[in-house]
Amino acid sequence: MIVAGNWKLNKNPDETRAFFSSLVEKLDALSGVTLAFFPPAVDIAAAKESLKGAPIYLGGQNCFYENEGAFTGETSPKTLFDMGCTHCLVGHSERRQIFNESDEWIAKKIKACQDAGLTPVLCIGETLEQRESGQTKEVALGQLQKGLELVDWKKPLWVAYEPVWAIGTGKVATPGQAEEVHADIRRFLDEKLGQEDSQVVPILYGGSVKPGNAAELGSQAHIDGFLVGGASLKVESIIGIAQA
Ligand code: PGA
């Protein structure tokens, strides 16, 4: 089981150090769970330092598709890698909606992450309007297909299904709703990679995951872990989710 924390725009370097120093002391209680955190880029150095080699993956929340050049304000995938990151989120719904990221950019970022040695975590998911008009499968698989246009299938990849209406709303998808889309994603990956190799690509669920709903969601056949926003900001709640 994977438990990944997406901090979004929260915490400064001091708060980051305090969080990881506390978490590292409690790691013994979490055996069997793979932990990953996506702090703001400006906190990654502090995170790396306070992890002191603990087995927790670190990743960026976003990056550009070029490693250097005249791109004011952007983050280089290669620099994330050089700073000790192993992963990077790509195409989070907040990037798509607030920052107008297109599928074309997302596809380029997936490639750039893989080229830099990072495992991209492609985030996909439908809005409430799309779900209510019966377009969930079409939207999720469409984003998957377009986002993976330039992927190297031989390199590591994670996928996160995060229905937009469940993100930060407290309105979690039912285990059945999540499982249905996860099974569709798994079928898509099986077609691309073959059933056996497809298993190395984990499919995470995200959207209002909390200690109280993680066990039931996590028991679904095609849910391999969670991408957690709000509840990843507190050590106790991330431990609660991991233990569930
Ligand atoms: P949430 O966010 O857990 O606060 O709903 C999830 C995410 O955006 O990754």
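The values are calculated or read from the model by the stated rules, or taken from the named source; none is laboratory data. Since the structure is predicted, the reported quantities are computational estimates derived from the model, not experimental observations. Here Cβ is always computed from backbone atoms with ideal geometry, including for glycine, and neighbour counts include all displayed protein chains.
With respect to the conditions (1) within 16 Å of the ligand (Cβ to nearest atom); (2) over 27 Å from PRO175 (Cβ atoms); (3) not β-branched (Val, Ile, Thr), GLY117 falls short on a single one, namely (1). For ALA4, the conditions (1) free of Cβ contacts under 8 Å to residues at least 60 places away in the same chain; (2) in contact with a Leu (Cβ under 8 Å, 6 or more places away or on another chain); (3) aliphatic (A, V, I, L, M) all hold with the exception of (1). Filtering the range 136-185 to residues that are within 16 Å of the ligand (Cβ to nearest atom), surrounded by fewer than 20 Cβ atoms within 10 Å (Cβ to Cβ) and β-branched (Val, Ile, Thr) leaves THR169, THR174. If you go through the range 34-58 and keep only what is surrounded by fewer than 17 Cβ atoms within 10 Å (Cβ to Cβ) and either polar (S, T, N, Q) or in a loop (DSSP other than H, G, I, E, B) (or both), you end up with THR34, LYS52, GLY53, ALA54, PRO55. Within the range 94-115, is there a residue that is buried (at least 23 other Cβ atoms within 10 Å of the Cβ) and part of a loop (DSSP other than H, G, I, E, B)? So far as the range 94-115 goes, no, none of its residues is buried (at least 23 other Cβ atoms within 10 Å of the Cβ) and part of a loop (DSSP other than H, G, I, E, B).
Residue check: SER198 meets all listed conditions (1) of a type in the set (Gly, Ala, Ser); (2) away from the ligand (no atom under 16 Å from the Cβ); (3) closer than 30 Å to SER21 by Cβ but one, namely (3). Of everything listed in (1) assigned to a loop (DSSP other than H, G, I, E, B); (2) more than 18 Å from the chain's Cα centre (by Cα), the single unmet condition for VAL151 is (2). Pairs are defined by a Cβ separation below 6 Å, a sequence spacing of at least 6 or placement on different chains, a first member in the range 156-183 that is under 19 Å from SER133 (Cβ atoms) and assigned to a strand (DSSP E or B), and a second member that is within 15 Å of the ligand (Cβ to nearest atom) and of a type in the set (Phe, Trp, Tyr); the pairs so defined are TYR161/TYR205.
Assess whether PHE19 counts as being crowded, with 17+ Cβ neighbours inside 10 Å, in contact (Cβ under 8 Å) with a residue 60 or more places away in the chain and either within 16 Å of the ligand (Cβ to nearest atom) or of a type in the set (Phe, Trp, Tyr) (or both). When the stated conditions are applied, PHE19 passes them. Within the bounds of the range 232-242, is there any residue that is more than 20 Å from SER31 (Cα to Cα) and assigned to a helix (DSSP H, G or I)? No, there is no match, as no residue in the range 232-242 is more than 20 Å from SER31 (Cα to Cα) and assigned to a helix (DSSP H, G or I). Among the residues of this structure, LYS210 counts as one that is within 16 Å of the ligand (Cβ to nearest atom), surrounded by fewer than 20 Cβ atoms within 10 Å (Cβ to Cβ) and at negative phi.
Exactly one of these conditions fails for GLY230: (1) buried (at least 20 other Cβ atoms within 10 Å of the Cβ); (2) in contact with a Gly (Cβ under 7 Å, 6 or more places away or on another chain). Give me its number. Unmet for GLY230, out of (1) buried (at least 20 other Cβ atoms within 10 Å of the Cβ); (2) in contact with a Gly (Cβ under 7 Å, 6 or more places away or on another chain): (1). Checking each residue in the range 204-230 for being part of a helix (DSSP H, G or I), touching a strand residue (DSSP E or B) at 6+ places or on another chain (Cβ under 8 Å) and either aliphatic (A, V, I, L, M) or modelled with pLDDT under 95 (or both) picks out ALA214, LEU217.
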